[in-house]
1. Tell me yes or no: at least one residue of the range 82-96 is loosely packed, with under 14 Cβ neighbours inside 10 Å, at pLDDT 95 or above and in contact with a strand residue (DSSP E or B) (Cβ under 6 Å, 6 or more places away or on another chain).
2. Do we find a residue being at pLDDT 95 or above and either under 25 Å from Leu81 (Cβ atoms) or not in a helix (DSSP H, G or I) (or both) anywhere in the range 181-189?
3. So which residues in the range 81-122 are among the aliphatic types (A, V, I, L, M) and without any contact (Cβ under 8 Å) to a residue 24 or more places away in the chain?
4. Among the numbered conditions (1) modelled with pLDDT of 95 or more; (2) part of a loop (DSSP other than H, G, I, E, B); (3) not hydroxyl-bearing (Ser, Thr, Tyr), tell me where Arg197 comes up short.
5. Taking the range 235-264 as the region of interest, how many residues are of a type in the set (Asp, Glu) and more than 27 Å from Pro294 (Cα to Cα)?
6. Pick out the one residue from Leu309, Leu267 that is touching a residue at least 60 places away in the same chain (Cβ under 8 Å), under 19 Å from Ala84 (Cβ atoms), buried (at least 20 other Cβ atoms within 10 Å of the Cβ) and outside the structural domain of Gly165 (by TED's automatic domain parsing).
7. Can you run down the residue pairs with Cβ atoms below 9 Å, 6 or more apart or on separate chains, where the first is in the range 33-44 and touching a residue at least 40 places away in the same chain (Cβ under 8 Å) and the partner is part of a loop (DSSP other than H, G, I, E, B)?
Amino acid sequence: MRKTLLAATLCAAFGTAPAAAQDSELMLYTSQPQDLLVQMIAVFNETHPEIEVSFFRSGTTEVMNKLEAEFAAGDPQPDLLLVANSLVMTGLKNDGRLMVYPEAPTEGYDPAIMDPDGAFVGTKLITTGIVYNTDLVSEPPTSWADLTDIRFADQVIMPSPLYSGAAALHVGTMTAHESFGWDYYQALADNGAIAGRGNGSVLEAVATGQNAVGIIVEFMAFNAKAEGSPVDFVFPAEGVTAITEPAAILATANNPEAAEVFVDWLLSEEGQRFAGEQGYLPALPGAPTPSTFPETVEFEIIAVEPGTLISNDEEMKKSFADLFGG
């Protein structure tokens, strides 16, 4: 499908969120970048000062490794999850680990970004494309194929699916798609491409000139460009992969009421407006496009069946590690 990003007026307001118990505590496990996470909690607390939010943050894979260990010990800690992609949430739902919350204020949202039973809902649209250093690259890449070209030999860095949930979805989608497959990643490896950890490591490497180009989620590149970093972002001609950063309440949550309040805030006009202010493309149709984005941009979404991604996940990570280390 094609998406055209244009600034637009906000949709009609949702109703007010349910009241939470005074002085309640909420434990959030998330893969959001730390600086943006701290900002988000501070703004949430302007409306809900009665909820003290603690958090654990890391790449989605490490978040899930910690949570799986807690499940095994019979002592899961989080009330709420906010991680990169819905595949993780689907697995948790299938294992009976998520609380169904069909009352979440999802009116106006695309049903494609939410679980039909209300176990999780997407909060943003985050695409993966190409970042490049504007001081080092005079002819920017325009396609995924360009990254295998000799002019970018030993200059490409990408996030690892062993750490990043967005990278796991990206690599899983690309390798399962008939237009790319593992031949594409073999070509990247043959051209000297390397894997970092998360998207932050890619941005740092490209912004500092350690690498000329990288594979990254778009908001990080646009935010850095707006702050004066010598980088820019390309939506490749063949399309981009996309995640929705879904939120879900655990069935074992100690404070499900506070978790519901947080989910409601994420989906509210206020929460979606703030997501845009942080540089994310909001999931709520009609919410303003981030000022860091180009005024108008078009892109294709590259997608494969979620069931294929889930069934291929472990083998995908092993094959990636064989090519790029891990």
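The values are calculated or read from the model by the stated rules, or taken from the named source; none is laboratory data. None of the values given here were measured: they were computed from a predicted structure. Because the Cβ atoms are built from the backbone with ideal geometry, glycine has one as well, and the counts that use them run over all protein chains shown.
1. Checking the range 82-96: not a single residue is loosely packed, with under 14 Cβ neighbours inside 10 Å, at pLDDT 95 or above and in contact with a strand residue (DSSP E or B) (Cβ under 6 Å, 6 or more places away or on another chain).
2. Quick first cut of the range 181-189, residues at pLDDT 95 or above only: 181-189.
Still in the running and either under 25 Å from Leu81 (Cβ atoms) or not in a helix (DSSP H, G or I) (or both): none.
For the range 181-189, residues at pLDDT 95 or above and either under 25 Å from Leu81 (Cβ atoms) or not in a helix (DSSP H, G or I) (or both): absent.
3. Applying the first criterion (among the aliphatic types (A, V, I, L, M)) to the range 81-122 yields 81-84, 87-89, 92, 98-100, 104, 112-114, 119, 121.
Within the range 81-122, Val100, Ala112 qualify.
4. In the conditions (1) modelled with pLDDT of 95 or more; (2) part of a loop (DSSP other than H, G, I, E, B); (3) not hydroxyl-bearing (Ser, Thr, Tyr), Arg197 misses (1) alone.
5. Here is the first cut: in the range 235-264, the residues of a type in the set (Asp, Glu) are 238, 245, 257, 260, 264.
Next, only the ones that are more than 27 Å from Pro294 (Cα to Cα) stay: 257, 260, 264.
Selection size over the range 235-264: 3.
6. Values: Leu309 fails: outside the structural domain of Gly165 (by TED's automatic domain parsing).
After applying the criteria, what remains is Leu267.
7. Pro33/Gly198; Leu36/Gln278; Leu36/Gly279; Leu36/Tyr280; Gln39/Gln278; Met40/Gln32; Met40/Gln278
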